[in-house]
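Colleague: What follows is a structure written as structure tokens; I'll ask about it next.
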Amino acid sequence: MVTRVTENMKYFLLTNNLSSVQDRCGELMLQLSTLKRINKPSDDPAGMTTVMNYRDMLASMEQYGRNIDGSASWLNITESTLSSVNDILVKIQEMALSQASATATAATREQAAAALQPLIDQILSLANTKLGDSYIFSGTKTGTKPFEAEAAVYAGGPANAAKGNTYKGTASVSGTYTGGTNITYVLKIVTGGDLDKATYQVSTDGGKTWGVESKVGDLGAGTVDLGNGLSITFQAGTFGEGDTFTVDAFALGYYRGNGEEMTLNIGKDHTMHYSFSGEAVFTDKGAGTVDVFGTLNDLKAALAGNDAEGIRATLDGLKEAQQQVTRYQAICGTRTNDLEVTKSNYEALKENITGLMSNVEDADVTKLITDFQMKQIALQASYYMAGEIGKISILNFIK
Amino acid sequence: MSNLGSVMNVAKGALLSNASAINITGSNIANVNTPGYSRLRPIFSSVGGAAELQFGVEVSGAERLYDKYLEVQLVQQNQKIGYYEARKGVLDRVEGIFNESEGGGLNESLTKFWNAWEDLSANPTGTVQRDALVSAAESLATVFRQKAEELQEVQQDMNVSVSETVSELNSYLASIAELNEKIVQTVTGGGNASDLLDKRQDNLQKLGAMIDFQYIEDASGAVNVFTSNGKPLVEGGRTWKLETAVNPDNHDYYNVVFQDEPDEAINGCFSKGKLAACLEARDITVGGYLDKLDSLAANLVAAVNDQHRSGYDMYGNGGGNFFDPVTDAAQMRVSTAITEDQGKIAASTSVDRDGNNASAIAAIKDSLLMGGGTATLSDYYSALMARVGQDVKDTNSSLDHQTVIMNQLKSQRETVSGVSLDEEMINLMKYQLGYNAAGRLAATVSALMDTLMSMTES
């Protein structure tokens with residue numbers, strides 16, 4: 001059977017083919033200009049998801065890399081500071097040894113005592129080293145200067161009222177702190193109201209965990225026993241819910257920071273402790289075993305007092321102090337190493353992922369260009385056909 | 001016995017018949033580009049009795065060439081094409097909203113947001129880091145709001161489209177009914193309704209692009225149009241018009257109802273055509289994307305706020321909400337307490353200003369909050385994007401496929417009903433020849449008459 005081909009059909013087919021070739025050409029041109037196979041989600045929905053996942057991974061690694069760099073510079077500063085402290089401690093040990101011997105006289109000891117003071121000051125200033133705005137040895141209280149020249153114990157004073165508190169009266173702490181380590185007490189108002197209505201909770205770890213809530217009326221007299229010899233007294237006034245009062249209690253000694261370490265994420269579920277607390281490095285409390293400044297001041301006193309026995313008594317302490325500092329110097333090295341390994345892992349992984357991502361989203365240029373040329377030829381053929389189609393007609397042949 | 005007079009009559013018939021055949025050919029040529037036109041063919045038939053030796057000719061009418069079943073298939077195919085074209089239009093817009101192949105967009109904003117928390121954890125008291133975090137959080141909230149608003153705009157536009165489509169299809173229903181009446185009149189009066197039939201068919205095709213329906217031609221020549229579940233839309237000259245009614249249970253969007261039953265929504269009657277596509281896109285497709293975006297925003301806001309409230313700000317106060325506690329992406333905002341005072345960002349787990357709470361918030365990016373504990377926020381968003389991409393891809397390939405079938409059907413229709421100029425020109429020559437020959441016949445008879453007359457003179 002002969003199919004009737006009508007005029008409409010001819011032109012319909014022609015325009016249809018032209019627009020489909022044009023459409024495909026446009027798509028290829030887009031791919032050629034971006035050199036990407038996936039330019040919108042529908043080009044390859046699954047591929048798009050993969051690319052997004054890779055992109056997320058790369059961005060996370062970028063951030064972890066920044067965190068690693070930050071931790072590394074902190075550890076570097078810590079390491080060089082500890083190394084300087086170590087040098088000075090060696091010098092002091094030599095001095096103590098020579099002044100402990102029988103050849104030393106009251107005059108040499110007095111001289112040594114005078115020479116010791118600047119060295120102690122140096123160690124003190126090293127222990128108070130700052131990186132940016134942060135003291136590196138004050139645990140997580142990076143805004144607090146960690147060491148003071150004189151030993152002291154917290155013996156009361158005003159409690160710190162948080163800025164947003166409703167309560168406008170004064171809160172004062174009385175008593176002498178008898179605890180072994182530095183503690184940040186936080187008292188939080190759970191139910192607001194006047195003294196006889198309000199209830200509170202107390203935290204002994206800076207607000208991370210809380211004790212049981214008090215009963216209504218417990219605050220009636222205005223005094224709360226914090227424990228360890230301290231109590232806090234409020235003037236009459238009205239509390240708001242969530243009002244907090246902080247007490248930085250420190251044990252007898254030179255240290256004012258806390259015993260915690262600063263941390264950063266350097267990977268998924270991978271946390272890096274990048275700081276040491278001054279408590280661990282320079283005191284005999286918490287993780288520390290020897291009171292560095294105490295020992296040094298003992299030595300100074302013994303020297304000044306021409307007390308050979310007293311000088312000898314500090315020798316063990318000095319040695320231990322040096323060991324303690326060296327130990328943390330070594331830990332710095334291990335942690336820096338850990339950071340470097342993690343970082344180079346990330347570098348390798350980044351390269352892998354970039355490669356994988358390119359496999360998924362990048363276009364095969366050779367194939368693209370060949371395809372494009374083929375479509376160009378098809379387009380030319382269609383245009384030629386469009387030019388010729390009107391020329392052939394029965395009208396040309398009948399007169 | 002024959003006589004010259006009857007031969008003259010035959011010649012007259014032949015002249016008239018060929019002339020009307022040329023007339024019909026003329027209409028075909030004139031309508032070569034008229035959409036929906038079905039070509040006509042003259043019906044020649046011989047006239048004359050068995051007792052006579054000669055037969056005359058007459059054109060008893062014009063036959064309209066068309067295939068009834070093909071026309072039904074075309075209407076059905078139009079319903080599919082109408083549906084997929086409208087759906088593609090919507091989804092292309094939505095894909096634009098979700099296209100992040102060049103980076104940017106929500107995913108990047110999320111990453112920047114988490115990274116800003118990481119930076120803050122490294123320097124918990126830094127004002128620069130706090131400012132950077134607030135601006136990252138604000139731009140994240142803005143992206144969420146924009147995307148939600150853009151989706152809502154698409155829904156609004158679809159809603160307008162529903163009402164426009166309903167009023168347009170009402171006008172087709174009206175003209176089908178009107179044509180029904182005219183056709184019945186013309187056919188009963190013995191006239192040629194070819195043109196009216198073409199017009200009615202064209203209206204049925206256009207109606208097909210809007211809704212799915214069935215139609216039956218009754219004995220009188222009128223077509224009756226029914227919805228897919230059998231409710232009448234047109235019966236003879238009568239129409240049951242549709243209307244839109246505001247549905248307060250669905251964001252005040254329109255329901256489609258019959259004018260005489262304004263309380264009964266018939267949205268579910270339509271599964272093909274533009275109307276179904278608009279309803280589905282508005283309520284299910286785009287509505288679904290928006291629900292997912294809302295759920296993403298709600299989970300993000302809740303997780304960040306929970307963690308934020310458990311920390312402490314620069315001043316030693318417990319943290320408040322970081323984002324306004326909302327569940328709609330369109331309402332997402334950083335809480336004003338934070339934007340007014342960056343110190344209120346609770347970066348620390350204790351009053352000692354460690355950066356651990358910021359770390360904990362940054363770690364939310366890896367926690368499996370979505371999909372019943374199977375996906376992170378980013379995973380969920382990628383999956384949403386892939387869903388959009390897949391929907392667009394499926395619609396495009398369905399449309400391509402249906403278009404191929406449509407083109408096939410159109411070609412078939414052309415083969416049966418379309419005008420071929422070659423054919424018409426040859427017919428024209430043929431009828432011209434016939435006309436010329438009939439003229440010669442008349443001239444010959446006239447000469448014979450002359451001969452006869454001159455015989456009586458001499």
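The values are calculated or read from the model by the stated rules, or taken from the named source; none is laboratory data. Not measured: the values here are computed from a predicted model. Here the Cβ is made from the backbone with ideal geometry for all residues, glycine too, and neighbour counts use every protein chain on show.
Colleague: Under 9 Å between Cβ atoms, which residue pairs at least 6 apart in sequence (or on different chains) link something in segment B:174-189 that is touching a residue at least 12 places away in the same chain (Cβ under 8 Å) and assigned by TED's automatic domain parsing to the domain that holds B:Thr239 with a partner that is assigned to a helix (DSSP H, G or I) and of a type in the set (A, V, I, L, M)?
Modeller: B:Ile176/B:Leu204; B:Ile176/B:Leu207; B:Leu179/B:Leu196; B:Leu179/B:Leu197; B:Lys182/B:Leu196; B:Ile183/B:Leu196; B:Ile183/B:Leu197
Colleague: Against the definition (in the same structural domain as B:Glu118 (by TED's automatic domain parsing), crowded, with 21+ Cβ neighbours inside 10 Å and part of a helix (DSSP H, G or I)), how does B:Ala148 come out, yes or no?
Modeller: In short, yes.
Colleague: Would you be able to tell me the number of residues in segment B:35-61 that are over 30 Å from B:Gly5 (Cβ atoms) and either aromatic (Phe, Trp, Tyr) or surrounded by 14 or more Cβ atoms within 10 Å (Cβ to Cβ) (or both)? Break it down stepwise before answering.
Modeller: Narrowing segment B:35-61 to residues over 30 Å from B:Gly5 (Cβ atoms): B:35-41.
Retained after the next criterion (residues that are either aromatic (Phe, Trp, Tyr) or surrounded by 14 or more Cβ atoms within 10 Å (Cβ to Cβ) (or both)): B:36-41.
Total satisfying the criteria: 6.
Colleague: Further, regarding this structure: Under 7 Å between Cβ atoms, at least 6 apart or on separate chains: pull out the pairs that start in segment B:337-360 with a residue that is within 20 Å of B:Lys112 (Cα to Cα) and at the interface with chain A (Cβ under 9 Å from one of its Cβ atoms) and end on any residue that is of a type in the set (Val, Ile, Thr) and not in a helix (DSSP H, G or I).
Modeller: B:Asn356/A:Thr263; B:Asn356/B:Thr349; B:Ser359/A:Thr263
So that you can scan it fast, the table gives a plain yes or no per residue for (1) within 42 Å of the chain's Cα centre (by Cα); (2) assigned to a helix (DSSP H, G or I):
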site	(1), (2)
B:Leu300	yes, yes
B:His308	no, yes
B:Tyr315	no, no
B:Thr327	yes, no
B:Ala346	no, no
B:Ala358	no, yes
B:Gly373	yes, no
B:Asp400	yes, yes
B:Gln408	yes, yes
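Colleague: Assess whether B:Glu58 counts as being among the acidic types (Asp, Glu), in contact with a strand residue (DSSP E or B) (Cβ under 9 Å, 6 or more places away or on another chain) and either on the phi > 0 side of the Ramachandran plot or not assigned by TED's automatic domain parsing to the domain that holds B:Arg387 (or both). Before the answer, list the steps.
Modeller: Working: among the acidic types (Asp, Glu): yes; in contact with a strand residue (DSSP E or B) (Cβ under 9 Å, 6 or more places away or on another chain): yes; either on the phi > 0 side of the Ramachandran plot or not assigned by TED's automatic domain parsing to the domain that holds B:Arg387 (or both): yes.
Yes, satisfied.
Colleague: Say whether the condition of being under 30 Å from B:Val419 (Cβ atoms), more than 7 Å from chain B (Cβ to nearest Cβ) and out of contact with any Ser or Thr (no Cβ under 6 Å at 6 or more places or on another chain) is met by at least one residue in segment A:32-47.
Modeller: Step one: of segment A:32-47, the residues under 30 Å from B:Val419 (Cβ atoms) are none.
Scanning segment A:32-47, I find no residue that is under 30 Å from B:Val419 (Cβ atoms), more than 7 Å from chain B (Cβ to nearest Cβ) and out of contact with any Ser or Thr (no Cβ under 6 Å at 6 or more places or on another chain), so the answer is no.
Colleague: A follow-up question, please. Does A:Val247 satisfy the condition of being at pLDDT 90 or above, under 32 Å from the mean Cα position of the chain (by Cα) and farther than 30 Å from A:Leu318 by Cβ?
Modeller: On the way: at pLDDT 90 or above: yes; under 32 Å from the mean Cα position of the chain (by Cα): yes; farther than 30 Å from A:Leu318 by Cβ: yes.
The answer is yes for A:Val247.
Colleague: Another question about this same structure. Being more than 9 Å from every other protein chain (Cβ to nearest Cβ), assigned to a helix (DSSP H, G or I) and free of Cβ contacts under 8 Å to residues at least 24 places away in the same chain: is that true of B:Asp379 here?
Modeller: Numbers: more than 9 Å from every other protein chain (Cβ to nearest Cβ): no; assigned to a helix (DSSP H, G or I): yes; free of Cβ contacts under 8 Å to residues at least 24 places away in the same chain: yes.
In short, no.
Colleague: Of the numbered conditions (1) touching a Ser or Thr at 6+ places or on another chain (Cβ under 7 Å); (2) without any contact (Cβ under 8 Å) to a residue 40 or more places away in the chain; (3) not charged (D, E, K, R), B:Ala363 fails exactly one; give the number of that condition.
Modeller: (1)
Colleague: Contact list please: Cβ distance under 9 Å, first residue in segment A:27-44 and closer than 15 Å to A:Phe372 by Cα, second residue among the hydroxyl-bearing types (Ser, Thr, Tyr), pairs at least six apart or on different chains.
Modeller: Matching pairs, first to second residue: A:Thr34/B:Ser101; A:Lys36/B:Ser101.
Colleague: Looking at segment B:292-336, which of the residues that are of a type in the set (D, E, K, R) and in contact (Cβ under 8 Å) with a residue 24 or more places away in the chain is farthest from B:Asp352 (Cα to Cα)? Step through it out loud before you land on a result.
Modeller: We begin by selecting, within segment B:292-336, every residue of a type in the set (D, E, K, R); these are B:292, B:294, B:306, B:309, B:313, B:324, B:328, B:333.
Of the ones still in play, those that are also in contact (Cβ under 8 Å) with a residue 24 or more places away in the chain are B:292, B:294, B:309, B:313, B:328, B:333.
Details: B:Lys292: 39, B:Asp294: 36, B:Arg309: 16, B:Asp313: 10, B:Asp328: 35, B:Arg333: 28 Å.
Filtering first and then ranking leaves B:Lys292.
Colleague: Return the pairs, sorted by first residue and then second, in which the second residue is modelled with pLDDT under 85 and surrounded by 14 or more Cβ atoms within 10 Å (Cβ to Cβ), the first residue lies in segment A:1-16 and is at negative phi and in a helix (DSSP H, G or I), the beta carbons are less than 9 Å apart, and the residues are 6+ apart or on different chains.
Modeller: As it stands, the answer is A:Lys10/A:Ile389; A:Tyr11/A:Ile389; A:Leu14/A:Ile389, since those pairs meet every condition given.
Colleague: Moving to a separate point now. Which condition number in (1) outside any strand (DSSP E or B); (2) within 29 Å of A:Asn297 (Cβ to Cβ); (3) at the interface with chain B (Cβ under 10 Å from one of its Cβ atoms) is the one that A:Asp248 fails?
Modeller: All conditions pass for A:Asp248, except number (1).
Colleague: Looking for whichever is closer than 30 Å to B:Ala193 by Cβ and either touching a residue at least 40 places away in the same chain (Cβ under 8 Å) or of a type in the set (A, V, I, L, M) (or both) here; the options are B:Asp67, B:Asp92. Which one fits?
Modeller: On the way: B:Asp92 fails: closer than 30 Å to B:Ala193 by Cβ.
Sole residue among the options that is closer than 30 Å to B:Ala193 by Cβ and either touching a residue at least 40 places away in the same chain (Cβ under 8 Å) or of a type in the set (A, V, I, L, M) (or both): B:Asp67.
Colleague: Turning to a different aspect of this structure: Which of (1) crowded, with 18+ Cβ neighbours inside 10 Å; (2) over 21 Å from B:Ser38 (Cα atoms) does B:Ser194 not meet, given it meets every other one?
Modeller: With (1) crowded, with 18+ Cβ neighbours inside 10 Å; (2) over 21 Å from B:Ser38 (Cα atoms) applied to B:Ser194, the lone miss is (2).
Yes/no per residue for (1) within 13 Å of chain B (Cβ to nearest Cβ); (2) in contact (Cβ under 8 Å) with a residue 40 or more places away in the chain; (3) closer than 30 Å to B:Asp119 by Cβ:
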{"residue": "A:Thr233", "(1), (2), (3)": "no, yes, no"}
{"residue": "A:Thr244", "(1), (2), (3)": "yes, yes, yes"}
{"residue": "A:Leu264", "(1), (2), (3)": "yes, yes, yes"}
{"residue": "A:Gly267", "(1), (2), (3)": "yes, yes, yes"}
{"residue": "A:Ala287", "(1), (2), (3)": "no, no, yes"}
{"residue": "A:Val292", "(1), (2), (3)": "no, yes, no"}
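Colleague: Among (1) within 27 Å of A:Ala280 (Cα to Cα); (2) in contact with a strand residue (DSSP E or B) (Cβ under 9 Å, 6 or more places away or on another chain); (3) in contact (Cβ under 8 Å) with a residue 60 or more places away in the chain, there is one condition A:Leu82 misses while meeting the rest; what is its number?
Modeller: So the condition that A:Leu82 fails would be (2).
Colleague: Taking into account only those residues within segment B:62-84 that are of a type outside the set (Phe, Trp, Tyr) and assigned to a loop (DSSP other than H, G, I, E, B), which is surrounded by the most Cβ atoms within 10 Å (Cβ to Cβ)? So that I can check it myself, show each step before the final result.
Modeller: Let us first name the residues in segment B:62-84 that are of a type outside the set (Phe, Trp, Tyr), namely B:62-65, B:67-68, B:70-82.
Keeping just the survivors that are assigned to a loop (DSSP other than H, G, I, E, B) gives B:65, B:67.
Numbers: B:Leu65: 13, B:Asp67: 15.
If we take residues in segment B:62-84 being of a type outside the set (Phe, Trp, Tyr) and assigned to a loop (DSSP other than H, G, I, E, B), then B:Asp67 is surrounded by the most Cβ atoms within 10 Å (Cβ to Cβ).
Colleague: Across segment B:384-406, what is the number of residues that are within 8 Å of chain A (Cβ to nearest Cβ) and either out of contact with any helix residue (DSSP H, G or I) (no Cβ under 7 Å at 6 or more places or on another chain) or without any contact (Cβ under 8 Å) to a residue 12 or more places away in the chain (or both)?
Modeller: 4
Colleague: With a cut-off of at least 2 residues that are within 14 Å of chain B (Cβ to nearest Cβ) and surrounded by 22 or more Cβ atoms within 10 Å (Cβ to Cβ), name the strands (runs of 3 or more DSSP E) lying wholly within segment A:77-192. Before you say what the answer is, go through the steps one by one.
Modeller: Working: elements: A:147-152, A:171-174, A:183-191.
Because the criterion is at least 2 residues that are within 14 Å of chain B (Cβ to nearest Cβ) and surrounded by 22 or more Cβ atoms within 10 Å (Cβ to Cβ), the strands (runs of 3 or more DSSP E) in segment A:77-192 that meet it are A:183-191.
Colleague: Kindly establish whether B:Gly434 is at the interface with chain A (Cβ under 10 Å from one of its Cβ atoms) and either under 30 Å from A:Pro45 (Cα atoms) or of a type in the set (Gly, Ala, Ser) (or both). Show your work before the answer.
Modeller: Working: at the interface with chain A (Cβ under 10 Å from one of its Cβ atoms): no; either under 30 Å from A:Pro45 (Cα atoms) or of a type in the set (Gly, Ala, Ser) (or both): yes.
So B:Gly434 does not fit the description; no.
Colleague: Moving on to the next point. Name the residue that is nearest to the other protein chains (Cβ to nearest Cβ), counting only residues in segment A:381-399 that are small (Gly, Ala, Ser) and surrounded by fewer than 14 Cβ atoms within 10 Å (Cβ to Cβ).
Modeller: A:Ser393
Colleague: Give segment B:113-142 a look and list any residue that's without any contact (Cβ under 8 Å) to a residue 40 or more places away in the chain and at the interface with chain A (Cβ under 8 Å from one of its Cβ atoms), or say none.
Modeller: Hits for segment B:113-142 are B:Asp119, B:Gly126.
Colleague: Here's a follow-up. Identify the single condition in (1) over 30 Å from A:Lys208 (Cα atoms); (2) of a type in the set (A, V, I, L, M); (3) surrounded by 19 or more Cβ atoms within 10 Å (Cβ to Cβ) that B:Ala330 does not satisfy, given that it satisfies every other one.
Modeller: So B:Ala330 meets the others, but not (3).
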